[in-house]
Amino acid sequence: MKRLKIKTGMRGSKLSVTQTSDALERLKKILPLLDFKLVPVSTPGDRDKKKDLRVSPADFFTEDLDNALLAGKIDCAVHSAKDLPSHCPDGIDWFWLPWSEDERDVIIMPESENRRIGESEKKSKSETIRNSSFVISNSKIRIGVSSVRREEYCRRKFPDAELLPVRGNIEERIAQLDGGEFDMLVMAAAGLNRLGLENRISEYIPSGELPPPEGQGFLAVTFRKNDRLFCEIRKLFVKSIVFAGAGPGDANLATIETVNALKNCEVCLYDALISSELLKYLPETASAVFVGKRSGQHSFKQDQINALIVKFARQGKRLVRLKGGDPTIFGRLAEEIKPLDDLCLPYRVIPGVSSLNAVGVTGLMLTRRGLSRGFSIMTPRKSGSSKFEHVSKEERLAFPSVFFMGLSETANIAKSLIKDGHNKNEPAAIVLSAGNESEQEIISGSLNEFARAVIKIPRGESPGIFIAGENANPKYVLRKNGALAGKKILLTCSESIMDKAVDEIHDFGGIPVKLSLIKLVAVQASCPCNSFDWIAITSPASVKIFIEVLKNQKYDFRRLPKIIVCGPGTSDEFGKYGIIPDLKASDDYGAEGLLEIAKLKISRGDRILRFRSDKADERLTCELRKLGAVVTDELLYRNVPVNYEKLPEFDAVVFTSSSAVESFRDNFGLENLKGKDTVAIGKPTLETLKKFKCKSNIILSKEATINGCIESLARKLVEKRINLWPLNFITRYSRRKSFLTRNT
């Protein structure tokens with residue numbers, strides 16, 4: 001395997017070294033071909049320890065790292081995300097890493113006072129702090145602060161305090177506190193936790209009282225803009241931006257796809273003329289930002305909207321850009337996807353019901369048989385103007401021509417357009433199954449090629465639209481920038497986890513092809529839970545069926561025994577019903593993980609009710625019995641195969657069970673997997689593929705969850721693309737400072 005030696009810059013403090021080393025170890029586990037070398041770089045903030053941070057420059061802790069990057073002395077840099085200025089220098093790009101520490105700020109008191117607080121039993125910690133001896137005896141307590149935000153908080157909470165600037169790294173600040181220079185410090189929890197100094201935290205400040213700055217607790221990676229390697233790495237940590245149509249003003253006319261996107265998003269940038277009812281679908285934790293425009297009145301300029309979109313994309317946020325009507329019709333979609341394409345950031349488009357479609361409900365239909373077989377649509381204003389602009393006959397003739405239901409007459413249509421004066425070399429295209437993402441196909445060529453029938457037109461049931469004009473130029477086809485690069489991923493899982501799988505595929509920029517090969521059928525009319533100490537459940541699908549069975553028997557959920565599950569996916573499924581499992585595995589998400597945690601908590605004689613499917617083996621039951629537990633093995637559901645006549649086109653496949661592999665074999669034959677990337681959710685599924693001598697590129701999921709399957713596929717595809725680069729590219733990457741910048 002090729003290995004890439006990457007010089008990674010960072011500040012020289014203990015915190016920076018610690019957090020950078022941890023981040024790079026995580027990156028190496030994700031992409032083992034990466035090999036990092038730490039390069040300490042001094043910044044103005046490290047050299048000047050007297051300047052008050054409340055008035056320091058935005059790039060106080062990043063300037064020298066940026067310069068080292070641009071000069072080619074380092075290949076990337078790792079920062080505390082909150083240290084990045086709002087605008088990075090030209091030539092610098094960045095992204096956030098997904099793992100984070102506690103974002104809250106904390107109060108730190110002298111070591112002696114901390115010990116006294118620890119001995120207090122009558123008062124809460126926060127009460128003790130606010131009424132401690134030095135607060136009572138000295139109304140002018142000295143509080144060390146390092147930002148305007150913390151200063152304002154302290155003025156509200158401690159109005160009589162003396163607020164003093166504090167400088168230095170974390171250890172130096174704490175030393176100043178313990179040395180008597182301050183009576184209290186306000187700092188970030190993240191750095192203390194990363195250094196193992198959480199014992200020095202006297203009180204966590206609620207985020208509602210002191211909102212943390214953007215990025216606190218996160219780490220960011222900076223690199224040279226258009227660096228091919230880091231653009232590829234970033235694809236594993238960003239999610240596809242969703243441009244969604246909100247419909248023509250009535251929330252009931254929004255598509256199900258748009259509503260689902262809103263339910264899952266973290267940030268929504270929304271326009272004017274959309275129904276405010278749609279915003280009710282946003283999660284409570286999501287942010288909604290109005291960026292709408294009306295004639296002559298813009299709350300945000302277009303370049304500001306573009307900047308917000310790419311910022312949230314780089315942060316790895318799940319962003320929905322909600323546009324009125326359909327985003328592809330007068331929606332400035334082309335302007336908003338261009339900066340994403342420039343940075344190789346992924347996105348997808350959800351069409352919406354346009355006001356154009358809504359006009360027809362009045363009876364003023366734009367097509368009537370025998371009256372009109374087409375229509376023209378345009379705006380009376382040109383780009384950058386708010387005044388009426390005459391639309392000339394020549395301009396109208398240059399508009400794209402669109403023909404519905406004309407696949408069999410494509411040659412005749414093209415000939416007639418050329419005869420009417422269209423340039424024979426004008427671009428043209430057929431879009432097949434435009435509304436079905438997994439079956440969509442674009443056939444491009446010149447008008448003359450279609451007229452001469454040089455291009456083969458498929459015959460079948462797929463609906464097609466013929467477009468002629470410059471708008472049909474292949475260069476305008478949306479790019480596939482994600483880790484999955486627009487590949488069609490066949491999902492064979494049951495319907496119980498299909499939605500989660502589809503969302504994950506979309507996040508990584510792939511196209512989900514849904515083909516459930518098994519359905520889960522409950523076999524229990526009731527669950528005899530009351531006579532047991534524990535219930536063991538090993539999959540999210542089992543949870544859904546278990547809960548449904550309990551509901552049908554009108555079971556009192558308060559009487560449930562303790563619950564042990566195999567990982568966070570199963571635990572989260574219980575959480576949807578307000579149930580928190582008592583034990584869950586954290587490392588191995590299969591039966592082995594459950595067994596490891598059970599060894600620590602299960603006592604001899606404990607009665608365990610283990611629910612399983614008809615395909616699950618009895619190894620877990622046997623192992624639990626070896627621990628001295630009394631285990632009852634109960635069949636909860638059966639895996640029933642689903643039959644299909646046709647195998648859809650796909651580039652890779654995800655198998656979430658051995659029964660799905662067997663169903664695929666029975667439906668289509670495993671020879672159809674030859675040469676395909678094939679993901680197995682766990683070792684039993686992997687063993688089944690091997691038993692059937694499957695000749696595919698098998699990938700074992702890093703964890704036994706559907707999200708783990710798709711993340712593992714995304715990692716493998718990114719790694720494969722990097723390994724396909726010429727070896728001399730790898731050599732030059734490590735030896736020549738500016739190679740990547742010049743050659744992307």
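Assess whether ASP52 counts as being free of Cβ contacts under 8 Å to residues at least 60 places away in the same chain, among the acidic types (Asp, Glu) and on the phi < 0 side of the Ramachandran plot.
Values: free of Cβ contacts under 8 Å to residues at least 60 places away in the same chain: no; among the acidic types (Asp, Glu): yes; on the phi < 0 side of the Ramachandran plot: yes.
No.
Any residue in the range 270-285 that is of a type in the set (Asp, Glu), touching a residue at least 12 places away in the same chain (Cβ under 8 Å), under 30 Å from ASP75 (Cβ atoms) and not assigned by TED's automatic domain parsing to the domain that holds ALA58? If you could, list the steps in order and put the result at the bottom.
Narrowing the range 270-285 to residues of a type in the set (Asp, Glu): 271, 277, 284.
Cutting the leftovers down to touching a residue at least 12 places away in the same chain (Cβ under 8 Å) gives us 271, 277.
Filter once more, so that each one left must be under 30 Å from ASP75 (Cβ atoms): none.
Within the range 270-285 (the criterion being of a type in the set (Asp, Glu), touching a residue at least 12 places away in the same chain (Cβ under 8 Å), under 30 Å from ASP75 (Cβ atoms) and not assigned by TED's automatic domain parsing to the domain that holds ALA58), the answer is no, since none of the residues qualifies.
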Among the residues of the range 80-131 satisfying the criterion of being at pLDDT below 95 and among the β-branched types (Val, Ile, Thr), which is nearest to LEU69 (Cα to Cα)?
-> ILE129
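Would you kindly identify the strands (runs of 3 or more DSSP E) lying entirely within the range 394-464 that contain at least 3 residues that are closer than 22 Å to GLY486 by Cβ?
Working: elements: 401-404, 427-432, 441-446.
Here the list reads 427-432, 441-446.
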Of the conditions (1) surrounded by fewer than 22 Cβ atoms within 10 Å (Cβ to Cβ); (2) in a loop (DSSP other than H, G, I, E, B), the single one that GLU171 does not satisfy is (2)
Would you please name the residue that is nearest to SER56 (Cα to Cα), looking only at residues in the range 153-180 that are among the charged types (D, E, K, R) and in contact with a helix residue (DSSP H, G or I) (Cβ under 9 Å, 6 or more places away or on another chain)?
-> ARG167
Can you name every residue in the range 9-23 that is buried (at least 21 other Cβ atoms within 10 Å of the Cβ) and closer than 26 Å to ARG721 by Cβ?
-> GLY9, THR20
Of the residues in the range 174-198, those that are in contact with a Gly (Cβ under 8 Å, 6 or more places away or on another chain) and part of a strand (DSSP E or B) come to MET184, LEU185, VAL186, ALA188
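State whether one or more residues within the range 88-95 are outside any loop (DSSP other than H, G, I, E, B), within 30 Å of LEU229 (Cα to Cα) and among the small types (Gly, Ala, Ser). First the steps, then the outcome.
Taking the range 88-95 first, the residues outside any loop (DSSP other than H, G, I, E, B) are 92-95.
Then drop every residue that is not within 30 Å of LEU229 (Cα to Cα), which leaves 92-95.
Okay, now just the ones that are also among the small types (Gly, Ala, Ser), so none.
Checked against the condition, which is being outside any loop (DSSP other than H, G, I, E, B), within 30 Å of LEU229 (Cα to Cα) and among the small types (Gly, Ala, Ser), the range 88-95 yields no hits at all.
Applying the selection to the range 24-50, what residues are more than 29 Å from ALA714 (Cα to Cα) and surrounded by 15 or more Cβ atoms within 10 Å (Cβ to Cβ)?
Filtering the range 24-50 down to residues more than 29 Å from ALA714 (Cα to Cα) leaves 39-50.
Hits for the range 24-50 are VAL39, VAL41, THR43, PRO44, GLY45, ASP46.
Identify, from the list ALA629, ALA616, the residue that is small (Gly, Ala, Ser), in contact (Cβ under 8 Å) with a residue 12 or more places away in the chain, in contact with an Asp or Glu (Cβ under 8 Å, 6 or more places away or on another chain) and not assigned by TED's automatic domain parsing to the domain that holds THR688. Write out each step before concluding.
Working: ALA616 fails: in contact with an Asp or Glu (Cβ under 8 Å, 6 or more places away or on another chain).
When all the criteria are applied, what remains is ALA629.
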Quick one: what pairs do we get from the range 683-710, first residue closer than 30 Å to SER571 by Cβ, second among the charged types (D, E, K, R), C-beta under 6 Å, 6+ apart or different chains?
-> ILE699/LYS716; ILE706/LYS500; ASN707/GLU504; GLY708/LYS702; ILE710/GLU504
Could you list, in sequence order, the residues of the range 469-499 that are of a type in the set (A, V, I, L, M, F, W, C) and part of a helix (DSSP H, G or I)?
-> ALA472, ILE497, MET498
So how many residues does the range 287-301 have that are more than 15 Å from ALA246 (Cα to Cα), part of a loop (DSSP other than H, G, I, E, B) and not aromatic (Phe, Trp, Tyr)?
-> 4
Part of a loop (DSSP other than H, G, I, E, B), on the phi > 0 side of the Ramachandran plot and hydrophobic (A, V, I, L, M, F, W, C) - does that describe any residue in the range 273-286?
-> yes
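Here's the yes/no breakdown for (1) touching a Ser or Thr at 6+ places or on another chain (Cβ under 6 Å); (2) assigned by TED's automatic domain parsing to the domain that holds GLY682; (3) surrounded by fewer than 20 Cβ atoms within 10 Å (Cβ to Cβ); (4) not in a helix (DSSP H, G or I):
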{"site": "ALA501", "(1), (2), (3), (4)": "no, yes, no, no"}
{"site": "GLU504", "(1), (2), (3), (4)": "no, yes, no, no"}
{"site": "ALA541", "(1), (2), (3), (4)": "yes, no, no, no"}
{"site": "ILE547", "(1), (2), (3), (4)": "no, no, yes, no"}
{"site": "SER571", "(1), (2), (3), (4)": "no, no, no, no"}
{"site": "ILE579", "(1), (2), (3), (4)": "no, no, yes, yes"}
{"site": "LYS599", "(1), (2), (3), (4)": "no, no, yes, no"}
{"site": "ARG612", "(1), (2), (3), (4)": "no, no, no, yes"}
Could you say whether any residue in the range 692-700 is of a type in the set (A, V, I, L, M, F, W, C) and over 29 Å from the mean Cα position of the chain (by Cα)?
-> yes
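Please verify whether TYR637 is more than 19 Å from VAL513 (Cβ to Cβ), of a type in the set (Phe, Trp, Tyr) and either touching a Ser or Thr at 6+ places or on another chain (Cβ under 9 Å) or assigned to a loop (DSSP other than H, G, I, E, B) (or both), treating the condition exactly as stated. Quick ask: steps written out before the conclusion?
Working: more than 19 Å from VAL513 (Cβ to Cβ): yes; of a type in the set (Phe, Trp, Tyr): yes; either touching a Ser or Thr at 6+ places or on another chain (Cβ under 9 Å) or assigned to a loop (DSSP other than H, G, I, E, B) (or both): yes.
Yes: the conditions hold for TYR637.
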Restricting attention to helices (runs of 4 or more DSSP H) lying wholly within the range 302-366, give those where 2 or more residues are within 30 Å of ALA220 (Cβ to Cβ), of a type in the set (D, E, K, R) and free of Cβ contacts under 8 Å to residues at least 40 places away in the same chain.
-> 302-314, 333-342
Determine which single condition SER586 fails, assuming it passes every other condition in (1) in contact with a Gly (Cβ under 9 Å, 6 or more places away or on another chain); (2) buried (at least 21 other Cβ atoms within 10 Å of the Cβ).
-> (2)
Test each condition in (1) in a helix (DSSP H, G or I); (2) free of Cβ contacts under 8 Å to residues at least 40 places away in the same chain; (3) among the aliphatic types (A, V, I, L, M); (4) touching a strand residue (DSSP E or B) at 6+ places or on another chain (Cβ under 6 Å) for VAL39 and report the one that comes out false.
-> (1)
Taking helices (runs of 4 or more DSSP H) that do not extend beyond the range 692-742, which have at least 2 residues that are modelled with pLDDT under 75?
-> 727-735, 739-742
Tell me which residues, restricted to the range 681-716, are of a type in the set (Gly, Ala, Ser) and farther than 22 Å from LYS487 by Cβ.
-> GLY682, ALA704
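The values are calculated or read from the model by the stated rules, or taken from the named source; none is laboratory data. The shown structure was predicted, so the numbers you read here are calculated from the model rather than taken from an experiment. For neighbour counting, all protein chains shown are included, and Cβ atoms are generated from backbone atoms with ideal geometry for every residue, glycine included.
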